[in-house]
Amino acid sequence: IRCWSNIPFITVPLSRAHGKSFAHRSELKHAKRIVVKLGSAVVTRGDECGLALGRLASIVEQVSMLQNQGREMMIVTSGAVAFGKQRLRHEILLSQSVRQALHSGQSQLKDMAIPVLEARACAAAGQSGLMALYEAMFTQYSICAAQILVTNLDFHDEQKRRNLNGTLHELLRMNIVPIINTNDAVVPPPEPNSDLQGVNVISVKDNDSLAARLAVEMKTDLLIVLSDVEGLFDSPPGSDDAKLIDIFYPGDQQSVTFGTKSRVGMGGMEAKVKAALWALQGGTSVVIANGTHPKISGHVITDIVEGKKVGTFFSEVKPAGPTVEQQAEMARAGGRTLAALQPEQRAEIIYRLADLLTDQREEILLANKKDLEEAENKGRLALPLLKRLSLSTSKLNSLAIGLRQIAASSQDSVGRVIRRTRIAKDLDLEQVTVPIGVLLVIFESRPDCLPQVSALAIASGNGLLLKGGKEAAHSNQILHRLTQEALSIHGVRDAVQLVNTREEVEDLCRLDKLIDLIIPRGSSQLVRNIQKAAKGIPVMGHSEGICHVYVDTDASVEKVTRIIRDSKCEYPAACNALETLLIHRDLLRTPLFDQIIDMLRVEQVKIHAGPKFASYLTFSPSEVKSLRTEYGDLECCIEVVDSVQEAIEHIHKYGSSHTDVIITENEKTAEFFLQHVDSACVFWNASTRFSDGYRFGLGAEVGISTSRIHARGPVGIEGLLTTKWLLRGDNHVVSDFSEHGSMKYLHESLPLPQRNAN
């Protein structure tokens, strides 16, 4: 571990043989030698006179962080012309004001015309100031910077090329960051169409071509080109239907229409693409991204190196299947076709999937066995996760039963009229249920989740993107294949997609224009990470399952130990398992309390004492570190309360609004608890484990939501639907309902159509 200035960092081993670019974004973290090209629009202010100091400081900080990790960083920078223009304008204004004051005898400044400033003069005036600024900024991170000015002629002279190469290598060896720029004070005007002169030569006519040339000359692993656009679009940014291209491959130029160049600087996007492809051909990976956006410029360089989906990544390796963006579009189109099917047809698909789960049982279990063997050999999964990963004949049979239950109950889910209103004569309004759109379900170690969620999406007419954990890859593949086989009977195979690319979850959560709802199924850490990463997409779920059981003074001795044992021990890793046991103070040192403790000991449940419980004991179990803990194992906390009111207050303070239970024979106390506990599920004399879609009769669930809007508790088909309004009129206009109009509002409630009795 090394530490310079105020930035701690770890030096990681970074080495690879140069000659072939990285095939995937995830490999960029292995880049050792990196060139960062800063476009004029990134370095300069909006008025083009002076530098964007805040952005520049952020870029220097990121470059310093990567340099201090043991990487070799180089910067190709613009900005000398803009900096010089600012200085020269200031000098001209000052000299004009002095002359005017001497000529007129007045000290007042009048409107003065500033002549057009020649770019070479601006560059000459700005180079020293720009470099001084870089040096001052890098000094804050104990890093030395060195300036190198080049022209196109320097690359044509073999001796100068060797000198430049040797200088750069020596600077990098000494942990110095080279700051490279074209010598705009002497450089001749660029020749038209001279940017590409074959495979081995690229003419330096702007900083894009300079960066590409340097990257190949120095055998650089990664070239990051920062501009004022997010990356490469399939049509000019800002035009209708323009889409950001995530990965660009050689030969894709025909599918791109280039717009105008940057607001400042020499090169447009076409020049950047040509330079990027040339560098890629020379073995250097390239990413073009936005360095001006205030929300991302502070971490854009480090995000790219970490492999996050930022900008456009240039790759020579085309994936075998569709991109995740294409999969999302396929899921949306397939979902709309699915929603247009008759309810009986959607049910038929689900029945077919249920049959396939039992018919193909042997093949499914064989794939699952491979996953289990690989997980055990790697030793990365904890025992609770291994249990979730495991499939069995009984699990598959239960899945099939649940799917048939979904099929039977889904007959009138989509298109059901839930409200009818007569607005006026011959003007009727209906509110009907419709699918949400495209769902992204991310799940860990539980392949049985795939057919459950698929069935619910099919029943509700939603398109579905599935992202499973790599530990269940073999199981997920076959279950997805069977799902698509079932969908094929009505031509909607593409409605359910399994993401098999190296897509990071965080990148998926940014697809706000393609995904309508994210549903995480996994650990509380996974849910929290997704909630944090989701950009503009709602997340349905719960980050924790801190479930309570409160034992009241009027509790039945026979019921208490049964309910507690089932809530804690039946499946301790589940999100609906008991985590905190609240005991009424009057039950301490009673036979009932002793029975509870004895049962927990027999079941090998580790007990943690809450603060109040510990105060009553001479020798207590280990005191709990936090009353807001989800153990997910054979552990629980015991705490003492003085009343049902205090139990409710404890639940509201330390619970997660998931599932909470009271055990009592006092109906009045029970109803008070049921009405006042603000959780998704509140039970009386029943195990917390009943908080489940299958046990609720929903057939299955996509998850349990503790949200207070849309869906709450176990989420089945109803939670995957929204509504739209249908208004049927006959030449109606709002002006007819004005004060002097001929129409009057009726707003009469109309009876709903009869629901399917089945």
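The values are calculated or read from the model by the stated rules, or taken from the named source; none is laboratory data. Quick caveat, the model's predicted, so the values are computed rather than measured. Cβ atoms come from the backbone with ideal geometry, glycine included; neighbour counts cover every protein chain shown. To get the accessible areas, we keep the full protein, side chains included, count just its heavy atoms, and leave off ligands, DNA and RNA. Shrake-Rupley method; radii C 1.70, N 1.55, O 1.52, S 1.80 Å.
Take the chain and mark each of the chymotrypsin sites (Phe, Trp or Tyr not before Pro) that is in a DSSP loop with at most 15 other Cβ atoms within 10 Å; the longest unmarked stretch, sites excluded, is 1-615.
Could you give the length gained by full extension between D241 and V602, i.e. 0.36 nm per residue of separation minus their alpha carbon distance, to one decimal place?
Details: separation 361, 0.36 × 361 = 129.96 nm, distance 6.45 nm.
Stretched out fully, the D241 to V602 stretch lengthens by 123.5 nm.
Compare the peptides 472-482, 209-219 by average per-residue count of other Cβ atoms within 10 angstrom and give them in order, highest first. Write down the numbers at each step before the final one.
Values: 472-482: 21.6, 209-219: 24.4.
Highest-to-lowest ranking by the protection proxy: 209-219, 472-482.
For the stretch 367-391, the residues whose amide N sits under 12 Å from a probe point set 7 Å from the Cα of Q525 along the beta carbon direction are 381-382. Say each of R695 and R89 gets a label point 7 Å from the Cα, pointing the same way as Cα to Cβ; how far apart are those two points in nm? Result: 7.0 nm between the two label points.
Only one of (i) 26.8, 88; (ii) 41.7, 138; (iii) 33.2, 107 was calculated from the structure for Rg and Dmax of the Cα atoms in Å, and its label is (iii).
Here's the picture: charge each Lys and Arg Cβ at +1 and each Asp and Glu Cβ at -1 in the stretch 449-593, and of G541, L578, L479 the one pushed furthest to the positive end of that dipole is L479.
For the chain, what does -39500 (n - 2.57) per DSSP helix run (n ≥ 4), summed and divided by total residues, give at 222 nm, in deg cm²/dmol to the nearest 500? Walk me through the intermediate numbers first.
Details: 23 runs with 284 residues, N = 758.
Calculated from helices alone, the mean residue ellipticity at 222 nm is -11500 deg cm²/dmol.
Segment K425..K513, full-extension length gain: 27.7 nm, with 0.36 nm per residue of separation and the alpha-carbon distance subtracted.
The local environment of L396, defined by Cβ-Cβ distances under 12 Å, has a net charge of -3 under the rule Lys, Arg +1 and Asp, Glu -1.
Bridging of K744 to lysines at a Cα separation below 17 Å is possible for K425, once same-chain residues fewer than 8 apart are set aside.
A Förster distance of 22 Å, applied to the separation of the beta-carbon atoms of Q754 and E348, puts the FRET efficiency at 0.45.
For helix 158-173, what angle does its Cα long axis make with the longest principal axis of the chain, in degrees from 0 to 90 and rounded to 10? Helix 158-173 sits at roughly 40 degrees to that axis.
Ordering Q86, L514, S285 by Cα displacement along the dipole of the chain toward the positive end leaves Q86 in first place; charges were set at the Cβ atoms of Lys, Arg (+1) and Asp, Glu (-1). The loop-placed trypsin sites (Lys or Arg not before Pro) in the stretch 606-682, going by DSSP, that have at most 16 neighbouring Cβ atoms within 10 Å of their Cβ come out as K625, R628. For a straight C-alpha distance cut-off of 16 angstrom, the lysines reachable from K272 (same-chain residues fewer than eight places away being disregarded) are K37, K205, K261.
Over 20 Å apart at the Cα level, from the set K32/K378; K625/K653; K29/K370; K308/K532; K243/K309; K309/K513, are K32/K378; K29/K370.
Full extension from H156 to Y745: what is 0.36 nm times the residue separation minus their Cα-Cα distance, to one decimal in nm?
Values: separation 589, 0.36 × 589 = 212.04 nm, distance 8.23 nm.
Gain on extension, H156 to Y745, equals 203.8 nm.
In angstrom, the C-alpha Rg and Dmax of the stretch 548-701 are 14.4, 49.
Counted by Cβ distance under 9 Å from V527, the other residues give a net charge of +1, where Lys and Arg count +1 and Asp and Glu count -1. When only the Cβ of Lys, Arg, Asp and Glu is charged (+1, +1, -1, -1), the dipole of the stretch 428-575 relative to its Cα centre reaches about 460 debye.
Computed about the Cα centre, the dipole magnitude for the stretch 565-613 is approximately 220 debye when only Lys and Arg (+1) and Asp and Glu (-1) carry charge, each at its Cβ. So what's the angle, to the nearest 10 degrees on a 0 to 90 scale, between helix 667-676 and the longest Cα principal axis of the chain? In the chain, helix 667-676 runs at an angle near 10 degrees to the longest axis. For the chain, what does the relative contact order come out to in percent, with C-alpha contacts under 8 Å and a separation of six or more? That works out to 11 percent. Would you tally the net charge around S556, using a Cβ to Cβ cut-off of less than 12 Å, leaving S556 out, and scoring K and R as +1, D and E as -1? Net of charged neighbours comes to -2.
Suppose we look only past 32 Å in the calculated P(r) of the stretch 324-533. What percent of the Cα-Cα pairs does that tail hold?
Working: 4380 of 21945 pairs.
When all Cα pairs of the stretch 324-533 are counted, 20 percent exceed 32 Å.
Across the stretch 20-64, the residues whose backbone nitrogen lies under 13 Å from the label position 7 Å along the beta-carbon direction of T323 are 25.
Within the stretch 371-423, the trypsin sites (Lys or Arg not before Pro) that combine a DSSP coil assignment with at most 11 other C-beta atoms in a 10 angstrom radius are R380. Only protein heavy atoms count here; on that basis, with a 1.4 Å probe, D552 has an accessible area of about 10 Å².
Here the spin labels are modelled as points 7 Å beyond Cα on the Cα-Cβ line, and at S622 and N163 they lie 6.9 nm apart.
Antiparallel beta bridges, as assigned by DSSP with both residues in the chain, represent about 30 percent of the total such bridges.
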